[in-house]
Amino acid sequence: MKVASIVGARPQFIKAAPVSKKIRKNHHEVLIHTGQHYNEEMSAIFFEQLGIPKPDYNLGVGSASQGKQTAEMLAQIEDVLLSEKPDLTLVYGDTNSTLAGALAAVKLHIPLAHVEAGLRSFDKSMPEEINRILTDHVSDYLFCPTQTAIDNLRNEGFTNVFNEGKFVSEFCDSPLVCNVGDVMFDTAIYFGKIAENKSDILNKLNLGKKEYLLATIHRANNTDDVGNLSRLVKAFCAFNETLVFPIHPRTRKSLSENGLLPKLENSKNVKLIDAVGYLDFLMLEKNAKKILTDSGGIQKEAYFFKIPCVTLRETTEWVETVEDGWNTLVGSKYDDILVAVEDFWPKGSQRQVFGDGNAAEKIVEILSRNEN
Ligand code: UD1
Ligand code: UDP
């Protein structure tokens, strides 16, 4: 089987790594990087650290408005798919690269598989929510990470669901919805151990274990709304403890344009650094006292590593992390952030909601069984 895998943004490299490895055992993969993320610390470092093969195509699309970026990707992916003629196209998550890949494939009648299907924040002001809904509704294979994702799809009319621990044993009609577990769990378990030996970030930043907070922000609602961004900066500078803040380029740009960078740079407790590679970031996560984030993937990783998570959003698609008591949603409200940093301590145990760490294997097995 010839599989065209489409990636473009930081979290997609992490999701694609285990799947790509399994695909290449018995199949032929053509890897297409849209170029949505292009800085060394947002792209190349992940290929190197996770051992992802060099993309066969880098479309170099880069940054632009929602419509322009998606349109440019769509046009270029279509050309590649027309010339490569894959048997299947594989897309990940909820970025503009996901949607562009999905649209290009289905319009060419190439079967489409969506990894991380069925997630919903029920907030259509987020571009990711639009990307998820549209991609799911044109996919032939919907690989869900959780039971909640399966339930969301059932509610939207998907009926061909294989779940409840059962594995698909024979050819199934499309679209096929399966709970395979979360591919980010596969990657985090595997590289979490490697990070312990390979990352020197704690020494480099002079950090003691469980003696610092870790923060990231990059969502439009936080970076493009200056009121929200200012409140987050004010809160970060008000903590009585060290806060490590690896900064997404989008956030640096917005902080700089709004005159907020000096406040962070001059703050006694904030260690502002560029975004780091995966191994360093895993190490920072595993040893943090608490994590503050608006990232989807980081909410999950906090849960995997049993680190209390304070989510700087009003909604989340990863509801299990909140239900289990390991994540609290505070938005960008100054007082709520300070209270959560002081008082939020998870009490409950965790269910095994993200699978058993073998999601990639299940995905490739299902695709192989249904190969015709
Ligand atoms: C994108 C995804 C988001 C995902 C995030 C992961 C969409 C709509 N958004 O958001 O779902 O959570 O990636 O990090 O697809 N920039 C650089 N260098 C880079 C990349 C970005 O400078 O390598 C800056 C540019 O100013 C760009 C801005 O970041 O305009 C936003 O980048 P973009 O890829 O459009 O969206 P993200 O916020 O990264
Ligand atoms: N990450 C990283 N370095 C950083 C910040 C995040 O390697 O400086 C990793 C993190 O471990 C997680 C992923 O990037 O696996 C999350 O990506 P991001 O927050 O950009 O996107 P989202 O998950 O919100 O789509």
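The values are calculated or read from the model by the stated rules, or taken from the named source; none is laboratory data. None of these values were measured; they are calculated from a predicted model. Quick reminder, even Gly has a Cβ in these numbers, built from the backbone with ideal geometry, and neighbours come from all protein chains shown.
A few points about this structure:
- Candidates are the residues of the range 301-325 that are among the charged types (D, E, K, R) and in contact (Cβ under 8 Å) with a residue 60 or more places away in the chain; the one that is surrounded by the fewest Cβ atoms within 10 Å (Cβ to Cβ) is E314.
- Considering residues of the range 202-223 that are among the basic types (K, R) and part of a loop (DSSP other than H, G, I, E, B) only, the residue nearest to ligand 1 (Cβ to nearest atom): R219
- Taking the conditions (1) surrounded by 22 or more Cβ atoms within 10 Å (Cβ to Cβ); (2) in contact with a Phe, Trp or Tyr (Cβ under 7 Å, 6 or more places away or on another chain); (3) within 26 Å of A149 (Cα to Cα) in turn, T328 satisfies each one other than (1).
- Listed by first and then second residue, the pairs linking a residue in the range 172-199 that is modelled with pLDDT of 90 or more and charged (D, E, K, R) to a residue that is surrounded by fewer than 22 Cβ atoms within 10 Å (Cβ to Cβ) and assigned to a loop (DSSP other than H, G, I, E, B), with Cβ atoms under 8 Å apart and 6 or more places separating them unless they lie on different chains, are D182/G355; D186/G357; D186/N358.
- Beta carbons closer than 7 Å, at least 6 apart along the sequence or on distinct chains, pair a first residue in the range 220-235 that is within 16 Å of ligand 2 (Cβ to nearest atom) with a second that is polar (S, T, N, Q) for N221/N228; N222/N228; N222/S332; T223/T251; T223/S254; D224/S254; L232/N222; L232/S332.
- Answer residue from the range 120-142, given it is surrounded by 24 or more Cβ atoms within 10 Å (Cβ to Cβ) and either farther than 20 Å from Q299 by Cα or of a type in the set (S, T, Y) (or both) and is nearest to ligand 2 (Cβ to nearest atom) among those: T135
- Residues in the range 2-23 that are more than 20 Å from D79 (Cα to Cα) and either in a loop (DSSP other than H, G, I, E, B) or β-branched (V, I, T) (or both): 4 in all.
- Residue within the range 70-85 that is modelled with pLDDT of 95 or more, closer than 22 Å to P145 by Cβ and not aromatic (F, W, Y) present: no
- Wholly within the range 85-167, helices (runs of 4 or more DSSP H) carrying at least 3 residues that are over 25 Å from K68 (Cα atoms): 147-155
- So L260, is it within 24 Å of P127 (Cβ to Cβ), in contact with a helix residue (DSSP H, G or I) (Cβ under 8 Å, 6 or more places away or on another chain), at pLDDT 95 or above and surrounded by fewer than 22 Cβ atoms within 10 Å (Cβ to Cβ): yes
- Among (1) in contact (Cβ under 8 Å) with a residue 40 or more places away in the chain; (2) outside any helix (DSSP H, G or I); (3) surrounded by 21 or more Cβ atoms within 10 Å (Cβ to Cβ), the one test that D280 misses: (2)
- In the range 44-79, the residues that are part of a loop (DSSP other than H, G, I, E, B) and not basic (K, R): G51, I52, P53, P55, D56, L59, G60, V61, G62, S63, A64, S65
- Whether a residue is surrounded by 21 or more Cβ atoms within 10 Å (Cβ to Cβ) and assigned to a helix (DSSP H, G or I) was assessed, and I298 passes this test.
- Out of S83, S65, S20, S5, sole residue that is buried (at least 21 other Cβ atoms within 10 Å of the Cβ) and without any contact (Cβ under 8 Å) to a residue 40 or more places away in the chain: S20
- If you go through the range 1-35 and keep only what is within 16 Å of the chain's Cα centre (by Cα), away from ligand 1 (no atom under 16 Å from the Cβ) and either over 13 Å from P53 (Cα atoms) or hydrophobic (A, V, I, L, M, F, W, C) (or both), you end up with just V19.
- Condition met for E314 (out of contact with any Cys (no Cβ under 9 Å at 6 or more places or on another chain) and in a helix (DSSP H, G or I)): no
- The residues listed here are A75, A100; of these, the one that is buried (at least 24 other Cβ atoms within 10 Å of the Cβ) and either over 24 Å from G355 (Cβ atoms) or not small (G, A, S) (or both) is A100.
- In the range 224-256, residue farthest from ligand 1 (Cβ to nearest atom) [restricted to those that are part of a loop (DSSP other than H, G, I, E, B) and in contact with a Phe, Trp or Tyr (Cβ under 7 Å, 6 or more places away or on another chain)]: E241
- Selection of the range 23-40 for residues being in contact (Cβ under 8 Å) with a residue 12 or more places away in the chain, surrounded by fewer than 17 Cβ atoms within 10 Å (Cβ to Cβ) and within 16 Å of ligand 2 (Cβ to nearest atom) yields only N39.
- Residue in the range 111-119 that is more than 15 Å from K15 (Cβ to Cβ) and either more than 16 Å from ligand 2 (Cβ to nearest atom) or surrounded by fewer than 24 Cβ atoms within 10 Å (Cβ to Cβ) (or both) present: yes
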